[in-house]
Every structure is written in structure tokens, then in C-alpha cells.
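S.K.: Below are the C-alpha cells for one structure; questions will follow.
What follows draws every value from the coordinates through simple rules; no lab data is involved. All figures in this text were calculated on a predicted structure; none of them were measured in a lab. Cβ placement follows ideal geometry from the backbone for every residue including glycine, while neighbour counts extend to all protein chains displayed.
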Amino acid sequence: MALAQPDPGPTRAEGYGGGLLSQRTAPLRGALATTACMETLQVGYLHAVAAAAGCSLSQPFPDNGIDWHVSHGAPAHTVDDEVTIKVQLKCTYQIPPHPPGRSFSFTLDNAHLVKLARTPVSVHKILVVMIVPRSQDDWLSAGPERLGLRHCCYWTNLAGHAVTGRHRTTVRIPTSRIFDDRALCEIMARVGAGGRP
């Protein structure tokens with residue numbers, strides 16, 4: 001007599017660059033707001049970059065408008081043996097992947113821009129903007145060779161940027177400044193030598 005085999009549930013096809021695609025049914029995702037999930041995803045991206053760059057992370061409490069402090073210790077730093085930058089994270093699905101041109105537009109509340117644009121400062125700040133697909137189905141793919149997050153983060157230093165809008169100001173984010181572990185190490189090396197990010 002043949003025994004019935006348990007239903008393994010939905011099967012998925014791995015597709016790096018295309019996300020995890022359900023072959024039978026869509027996964028039952030939680031009911032959290034998409035914006036809350038976007039915030040969690042970008043924090044995961046920051047943690048992965050910091051880990052690969054050999055940096056430590058701390059979160060200010062209470063939050064004063066800056067999301068994270070990232071610290072990098074290295075004997076080669078000349079201003080201190082450990083230097084720190086402040087990181088503000090933003091996430092959007094309204095910008096397509098691979099933005100064309102040398103930069104893309106991103107809008108900030110003026111009060112937030114004033115905080116990021118202040119100069120001079122003792123601890124430098126950067127803005128990190130993550131571009132994600134609109135659908136959560138396309139955010140992540142995992143397999144034996146890699147864990148993929150779509151799409152990526154870009155960074156900029158807004159020190160000295162003027163407020164130009166009445167309530168919100170549009171800034172330009174360079175497409176050449178992809179935020180990964182190498183970029184973070186280079187940022188920290190410049191800060192560690194007494195320069196700007």
C-alpha cells in the first residue's frame with residue numbers, strides 16, 4: 001500500500017535578477033505596510049555592507065533624525081584610530097533600476113535636508129538611497145551561490161546643499177556612487193585622513 005507523500009508546499013524557481021518566482025502559488029506574506037518592509041530591507045543592506053567592510057554599527061537612541069552611526073577602526077587612520085560617519089537611509093520604488101544619466105532626483109523634507117547639509121561638522125553625514133522593485137516578490141533571491149537584493153543603494157554627501165523648495169527640496173544622487181563595502185571602505189579612508197566622505 002502506497003503512503004501518501006506530504007505536500008511540500010509551493011515550489012520556487014531561483015532567478016537572480018528576477019527574484020524568487022512562485023511556480024504554483026504566491027507566498028503568504030505578512031500584513032506589514034510596504035513602507036515598513038522597505039525600511040527593514042534597507043537596514044539589512046546596510047548591515048551586509050558594514051559587515052563586509054569591517055565596520056561596526058550603532059543606532060542613536062532616541063532617534064534624532066539620523067538612522068545609524070557607522071564606525072571603522074584601522075591603524076592607517078591619522079585623525080583617530082576609529083572614525084565614525086552618520087548615515088541616513090531612504091528607500092523608494094518610484095525610481096527605476098539603473099537610473100540613466102549621471103544622477104537621479106530625490107526629494108527630501110527641508111528640515112531633514114538642513115540636518116544633512118549642515119557644515120562644518122565634527123562627524124560627517126551621508127544619505128543612502130535604496131532603489132527597490134515595487135513588488136516584494138522581486139526584492140530578494142537566494143541560492144547556494146549568492147543572496148541577491150534588488151536593486152541597490154546609492155550614496156551622497158549633502159554638506160552645504162542649499163534649501164530651494166518651500167517645504168521640500170530635490171537633490172541629485174550620483175549614479176556612480178553605488179553604496180557597497182568598497183565604497184564604504186573608501187569613505188572611511190578619506191574621513192580617517194581628515195577629509196570628507
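S.K.: May I ask you to order 108-119, 156-167, 28-39, 81-92 by the average number of other C-beta atoms within 10 Å around their residues, highest value first? Display every interim value, and only then the final one.
M.R.: Details: 108-119: 16.6, 156-167: 14.0, 28-39: 11.3, 81-92: 18.9.
Put in order of decreasing packing, that is 81-92, 108-119, 156-167, 28-39.
S.K.: Residue by residue, what Karplus-based ³J(HN,Hα) values in Hz, rounded to whole numbers, does the range 129-137 have, using 6.51, -1.76 and 1.60 with θ = phi - 60° and x for Gly and Pro?
M.R.: Along the range 129-137, the couplings run 10, 9, 9, 10, x, 5, 8, 4, 4 Hz.
S.K.: Tell me what the chain gives for mean residue ellipticity at 222 nm when only DSSP H runs of n ≥ 4 count, each as -39,500 (n - 2.57), the sum divided by the residue total, rounded to 500 deg cm²/dmol. The partial results should precede the final answer.
M.R.: Values: 3 runs with 40 residues, N = 197.
After summing the helix terms and dividing by the residues of the chain, the value is -6500 deg cm²/dmol.
S.K.: To continue, here is another question. Taking the Cα centre of the chain as the origin and placing charges on Cβ (Lys, Arg +1; Asp, Glu -1), which of 99, 130, 178 is farthest toward the positive end of the dipole?
M.R.: 99
S.K.: With N set to the residue count of the range 96-197, report its C-alpha Rg divided by 2.2 N^0.38 Å to two decimal places. Please report the intermediate quantities before stating the final value.
M.R.: Details: Rg = 15.7 Å, N = 102, 2.2 N^0.38 = 12.8 Å.
Scaled against compact globular proteins, the figure is 1.23.
S.K.: While we're looking at this one, here's another question. What do you get for the angle between helix 34-53 and the principal long axis of the chain? Use alpha-carbon atoms, 0 to 90 degrees, nearest ten.
M.R.: 70 degrees
S.K.: Using 20 Å as the cut-off for backbone N distance, which residues of the range 69-87 belong to the label zone defined by a point 7 Å from the Cα of residue 119 along Cα→Cβ?
M.R.: Answer for this model: 84-87.
S.K.: Using the Cα centre as the reference, give the magnitude of the dipole from point charges on the C-beta atoms of the chain (Lys, Arg: +1; Asp, Glu: -1; all else neutral), rounded to the nearest 20 debye.
M.R.: Numbers: 19 positive and 15 negative charges, 161 e Å.
In total the dipole reaches around 780 debye.
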